[in-house]
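Since the structure comes first, as structure tokens, the remarks are kept for the end.
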Ligand code: SF4
């Protein structure tokens, strides 16, 4: 929902509405095996999965993640180059003029609330952490506008500390896969953590979110074109006809995007760069 609604009350980080739980009577061991099979299939489908927010350091990722609430990563990526050239670190952002900051981040929606959060966050990083973004969950969640989801994104991607990122896509897919029956992000995180080794958590999060954005959409899942259909108890909750399902796919999996997909698969180490080029061309 690009731009978000015009309200200035930024919703707290939370989970999506409930979907039916899946596959009753499955033993914990069978569930774990099936979950790992799904993860392997997603790894084959998305060898290029990565954080879709552009960043060069923990501060940039923290700010970009705060800005991504109620908007798309693509929208955030369009404004962050200007934002970070003007305010490259916590000290510069702490002293930012409110009106200037609001004007730069306006396209991301909820810009007044986000500006307040960013100013408070930057000031706290300067005052409490000497201008350096802390690398511990318990510290990150004390920063204004930062919940567990944002903290896990920053830990997993900027600090290399394993984390499961429960956003709206991850929660929806975890329920469709039958990995959890909860809508509570903290419960979902702990249910999924039981099924995988910590070393897999960060990449698993990227793959599941990639799948949610491209294939297993909230309203029209493309079941007939889904790489994990064989292991998904919710197969059939969306379009099962392969030709019709293929038309529902998005981004590099969308019909007509074969060249982009081939480049991403051939140059997985440059995936973020290739995605950025493609977004710049289409924006
Ligand atoms: S089979 Fe359908 S519900 Fe299951 S992951 Fe694939 S698209 Fe989603």
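The values are calculated or read from the model by the stated rules, or taken from the named source; none is laboratory data. This one's a predicted model, so the numbers in the text were calculated from it and none came from an experiment. Glycine also receives a Cβ, built like all others from the backbone with ideal geometry; neighbour counts cover every protein chain displayed.
Please go through the range 254-274 and give me each residue that is part of a loop (DSSP other than H, G, I, E, B) and more than 20 Å from the chain's Cα centre (by Cα), ordered by number.
Matches in the range 254-274: 255, 256, 257, 267.
Of all residues being touching a residue at least 40 places away in the same chain (Cβ under 8 Å) and in a loop (DSSP other than H, G, I, E, B) in the range 203-222, which is farthest from the ligand (Cβ to nearest atom)? Just the residue, please.
Out of the qualifying residues, it is 218.
Yes or no, residue by residue, for (1) over 30 Å from residue 236 (Cβ atoms); (2) crowded, with 19+ Cβ neighbours inside 10 Å; (3) not assigned by TED's automatic domain parsing to the domain that holds residue 231:
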{"site": "107", "(1), (2), (3)": "yes, no, yes"}
{"site": "127", "(1), (2), (3)": "yes, no, yes"}
{"site": "163", "(1), (2), (3)": "yes, yes, yes"}
{"site": "169", "(1), (2), (3)": "no, yes, yes"}
{"site": "179", "(1), (2), (3)": "no, yes, yes"}
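Which pairs turn up if I take residues in the range 223-248 that are touching a residue at least 24 places away in the same chain (Cβ under 8 Å) and over 20 Å from residue 37 (Cβ atoms) and look for partners that are more than 6 Å from the ligand (Cβ to nearest atom) and assigned to a helix (DSSP H, G or I) with beta carbon separation below 7 Å, at least 6 apart in sequence or on another chain?
246/225
Kindly list the number of the only condition in (1) under 23 Å from the mean Cα position of the chain (by Cα); (2) at pLDDT 95 or above that fails for residue 251.
Condition not satisfied by residue 251: (2).
The conditions are (1) crowded, with 17+ Cβ neighbours inside 10 Å; (2) farther than 14 Å from residue 46 by Cα; (3) away from the ligand (no atom under 16 Å from the Cβ); (4) at pLDDT 95 or above, and residue 278 fails exactly one of them. Which is it?
Every listed condition holds for residue 278 apart from (4).
With a cut-off of at least 2 residues that are in contact (Cβ under 8 Å) with a residue 40 or more places away in the chain, name the helices (runs of 4 or more DSSP H) lying wholly within the range 22-109.
Once the helices (runs of 4 or more DSSP H) in the range 22-109 are filtered for at least 2 residues that are in contact (Cβ under 8 Å) with a residue 40 or more places away in the chain, what remains is 28-45, 58-67, 73-86, 90-94.
Looking at the range 226-244, which of its residues are near the ligand (Cβ under 8 Å from one of its atoms) and assigned to a helix (DSSP H, G or I)?
If the condition is that a residue be near the ligand (Cβ under 8 Å from one of its atoms) and assigned to a helix (DSSP H, G or I), then 229 is the only one that fits.
Just wondering, is there one or more residues in the range 149-162 that are in contact with a helix residue (DSSP H, G or I) (Cβ under 8 Å, 6 or more places away or on another chain), part of a helix (DSSP H, G or I), within 28 Å of residue 114 (Cβ to Cβ) and within 16 Å of the ligand (Cβ to nearest atom)?
No, because not a single residue in the range 149-162 is in contact with a helix residue (DSSP H, G or I) (Cβ under 8 Å, 6 or more places away or on another chain), part of a helix (DSSP H, G or I), within 28 Å of residue 114 (Cβ to Cβ) and within 16 Å of the ligand (Cβ to nearest atom).
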